[in-house]
Amino acid sequence: MRTSKWLITAVLSLAGVGAWGCNPDAFEPSTVRTFNQVQRLGNPLVSEVFLAKRSHPVHGSTGPAQDNALISAELKAFVANVAGRNATVQNTLAAVLLPDELIIQTDKDQATAGWLSWALANGWGGRRLTDDVVDAGLDAIFGPLLDPNNTSPGLESDHVDANDVPFLATFPYLAAPHLP
């Protein structure tokens, strides 16, 4: 009786191994991933300044590969019609900001870090907490950064030159948010 129980167990085990052998992917992790992209905000300047509110759902639900086809014309129209800038500035901003993704080149000197600097000043991209990204964006859109002969004086700065609360010395580095 003991032999037959052992034999039945062995046969069933071999049958199971044989079944696994027929389908080698049966126990492999699946590489198919499903997700629902809710929002994308690589560079806030792109969606929050250049795009009309009605365009936010399209921008937020598509990937960077579609940016040139879907939002380049709207970005250039803002630069032309709102900022009054010429085609050179329009095309340069579109080339620098699209696709809307953050690029960091870690082989560059960290002292060259700065928002927009990766494209305009051979920097490494990303940004430091101390970077005044609003002024950099306003300068690129309205100021002399891209064309000193085609500017909108007075609009190239928000005139806020420092945080009202210092950064923390340790992670997460940002000060606590202001609460109402």
Of the residues that sit in region 151-165 and are surrounded by 14 or more Cβ atoms within 10 Å (Cβ to Cβ) and out of contact with any Leu (no Cβ under 8 Å at 6 or more places or on another chain), which one is modelled with the lowest pLDDT?
S152
Which condition breaks for L168 when tested against (1) modelled with pLDDT under 85; (2) more than 21 Å from V49 (Cβ to Cβ)?
(1)
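Scanning region 47-105 for residues that are among the small types (G, A, S) and buried (at least 16 other Cβ atoms within 10 Å of the Cβ), which turns out farthest from N150 (Cα to Cα)? Show your work before the answer.
Applying the first criterion (among the small types (G, A, S)) to region 47-105 yields 47, 52, 55, 60-61, 63, 65, 69, 72-73, 77, 80, 83-84, 87, 94-95.
From the residues that got through so far, the ones that are buried (at least 16 other Cβ atoms within 10 Å of the Cβ) too are 47, 72, 83, 94.
Working: S47: 24, S72: 21, A83: 10, A94: 17 Å.
Only one residue fits best here, namely S47.
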Could you please find all residues in region 93-135 being modelled with pLDDT of 70 or more, within 19 Å of the chain's Cα centre (by Cα) and in a helix (DSSP H, G or I)?
L93, A94, A95, V96, L97, V133, V134
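The values are calculated or read from the model by the stated rules, or taken from the named source; none is laboratory data. All of these numbers come straight from a predicted model, not from anything done at the bench. Every residue, glycine as well, gets a Cβ built from its backbone with ideal geometry; the counts of neighbours run over all protein chains shown.
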